[in-house]
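Here the structure comes first, spelled out in structure tokens, and everything after it is commentary.
The values are calculated or read from the model by the stated rules, or taken from the named source; none is laboratory data. Fair warning: this is a prediction, and the values are worked out from it, not measured in the lab. Here the Cβ positions follow ideal geometry from the backbone for every residue, glycine too, while neighbour counts run over all protein chains shown.
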Amino acid sequence: MNSWRYLKCSSVVIYCRVSSQKQVREGNGLDSQEAKCRTWCKSRNLNVLRVVREEGISGGEKNRPALMRMFSFLEEISKKGVRCIVLVEDLNRWSRETVNHFMLKQTITSLGHSLQSVNMSLDDTDESKLMETLSASVSRYERKKN
């Protein structure tokens, strides 16, 4: 079962990130990520509450400015009883450090929200949890290789 369905969420906060200022200036990574996330939302009739864009910050960092602002927003809406999905195009946009991935996800969950990815189902099955762990580990590996 998809956790977003379990929470009966109808709202989404989109999180997009690129890791270098060059990507911010010359790339279309943020726009592309946002477009894919919006398409995912539209196909599920979900409302986009906010788009958070992290510009030029490594996914290995856990205290990213836009991410911290997003957590403040999530805490705010939680107090009002609003539950939402935090949507990323790909888990490597969320975090490039395995431990941080799960710590940040736990923060979202503790506030009553869920993390979802356009490119990978994040549900409560053992298979999904295995693929999520592998993806988080591969993201860390790729960051170290880069």
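Inside the range 24-55, residues that are modelled with pLDDT of 95 or more, among the basic types (Lys, Arg) and assigned to a helix (DSSP H, G or I) make up a count of 3.
Among all residues of the range 89-100, there is at least one that is in contact with a Cys (Cβ under 9 Å, 6 or more places away or on another chain) and under 19 Å from Ile57 (Cα atoms).
Filter the range 75-106 down to the residues that are touching a residue at least 12 places away in the same chain (Cβ under 8 Å) and surrounded by fewer than 17 Cβ atoms within 10 Å (Cβ to Cβ), then identify the one that is nearest to Ser43 (Cα to Cα). Don't jump to the end; show me each part of the working.
Start the filter on the range 75-106 by keeping residues that are touching a residue at least 12 places away in the same chain (Cβ under 8 Å), which leaves 75, 77-78, 82-98, 100-104.
Next, from what is left, pick out any that are surrounded by fewer than 17 Cβ atoms within 10 Å (Cβ to Cβ): 75, 78, 82, 90, 102-103.
Details: Glu75: 27, Ser78: 25, Val82: 21, Asp90: 17, Phe102: 27, Met103: 29 Å.
Taking the candidates together, the pick is Asp90.
Considering each of Lys62, Lys8 in turn, give the residue that is in a loop (DSSP other than H, G, I, E, B), modelled with pLDDT under 95 and on the phi > 0 side of the Ramachandran plot. Answer to the selection: Lys8. In the range 49-78, which residues are of a type in the set (Asp, Glu) and closer than 12 Å to Arg17 by Cβ? Scanning the range 49-78 gives Glu54, Glu55, Glu61.
Taken over the range 35-90, the criterion of being farther than 22 Å from Gly112 by Cβ and β-branched (Val, Ile, Thr) is satisfied by Thr39, Ile57.
Could you identify the single residue in Ser95, Ser110 that is small (Gly, Ala, Ser) and in contact with a Gly (Cβ under 7 Å, 6 or more places away or on another chain)? First the steps, then the outcome.
On the way: Ser110 fails: in contact with a Gly (Cβ under 7 Å, 6 or more places away or on another chain).
After ruling out the rest, the residue left standing is Ser95.
Scanning the range 90-146 for residues that are at pLDDT below 85 and of a type in the set (A, V, I, L, M) gives Leu130, Met131, Leu134, Ala136, Val138.
Every condition in (1) in contact (Cβ under 8 Å) with a residue 12 or more places away in the chain; (2) more than 16 Å from the chain's Cα centre (by Cα) holds for Leu115 except the one numbered (2).
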